[in-house]
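Accompanying notes for the structure given below.
All of the numbers you see were taken from the coordinates with simple rules; none came from a lab. Source: prediction; values computed, not measured. Cβ sites come from the backbone with ideal geometry, for glycine too, and all protein chains shown count toward neighbours.
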Amino acid sequence: MIRAFAALAAAWLVTFAAHATDALALEVGRGEDRTNLLRFSVVDRWDRKPRELGGTWRLAGYWEFSAALWDNAVESTADIGITPVFRFERGAFYVEGAIGLHFVQTQISAARVFSTAVQFGDHIGIGWRSAQWDFAARLQHLSNAGIDHPNPGINFVLFRAQYELN
């Protein structure tokens, strides 16, 4: 099942990558139940030029199309997501936040079972960017927002490297 899900996620990402890809990203992280996460993302910026907010701050944003694998001692879980990300930039440094839609397998571990495959993933992050690279640390929470029970949610600490294609 996980191989079929991973193949579907890869095909989905390739479709979006053909549309408009501004950057590619790789994230690694660790969550509850000793769950490791590996995520590949395709980035599609909303605008080439961030909006000036007055002073030295700018507002930028992008779509993040992602496919991830979660793994712990009990289960491996696949996740595909689409997330609009809002970023506030000051020079090379930034803070960002997002809430997106994720589809995951419901079995996470023996102690953690999601009641729905539809999950909402929110994150906050800080980072630094250069002309070709972007490095960030993120805190992410996924849950179904109380749509159904049980709703255990899961939290991750993530580290991200992004390579700019344009």
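Computed values, structure above
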{"item": "Cβ-placed point charges (K, R +1; D, E -1), dipole of the chain about Cα centre in debye, nearest 20", "result": "320 debye"}
{"item": "Length-normalised contact order of the chain in % [C-alpha pairs under 8 Å, at least 6 apart]", "result": "20 percent"}
{"item": "³J(HN,Hα) computed for each position of region 154-166 - Karplus, 6.51 cos²θ - 1.76 cosθ + 1.60, integer Hz, glycine/proline x", "result": "7, 10, 10, 9, 10, 10, 10, 10, 10, 10, 7, 8, 10"}
{"item": "Cβ-based charge dipole, region 77-166, positive-most Cα from LEU142, GLN132, VAL104", "result": "GLN132"}
{"item": "Other-chain or far-sequence residues with amide H under 5 Å of GLY153's (modelled H)", "result": "ASN144"}
{"item": "Neighbour-count ranking [beta-carbon atoms within 10 angstrom, fewest first] of PHE156, PHE135", "result": "PHE135, PHE156"}
{"item": "Computed [θ] at 222 nm, deg cm²/dmol, the chain (DSSP H ≥ 4; -39,500 (n - 2.57); rounded to nearest 500)", "result": "-3500 deg cm²/dmol"}
{"item": "Fewest-first ranking of HIS102, HIS141, using other Cβ atoms within 10 Å as the exposure measure", "result": "HIS141, HIS102"}
{"item": "Signed unit charges on C-beta, dipole axis of region 2-164, positive-most listed residue ALA92, ALA60, GLY29", "result": "ALA92"}
{"item": "For GLU64, GLU32, order by how many other beta-carbon atoms lie within 10 Å, fewest first", "result": "GLU32, GLU64"}
{"item": "Kirkwood estimate for region 125-166, i.e. one over the average of 1/r between Cα atoms, Å", "result": "12.3 Å"}
{"item": "Unit Cα scatterers, Debye sum, the chain: log10 I(q)/I(0) for q = 0.17, 0.21 Å⁻¹", "result": "-1.02, -1.44"}
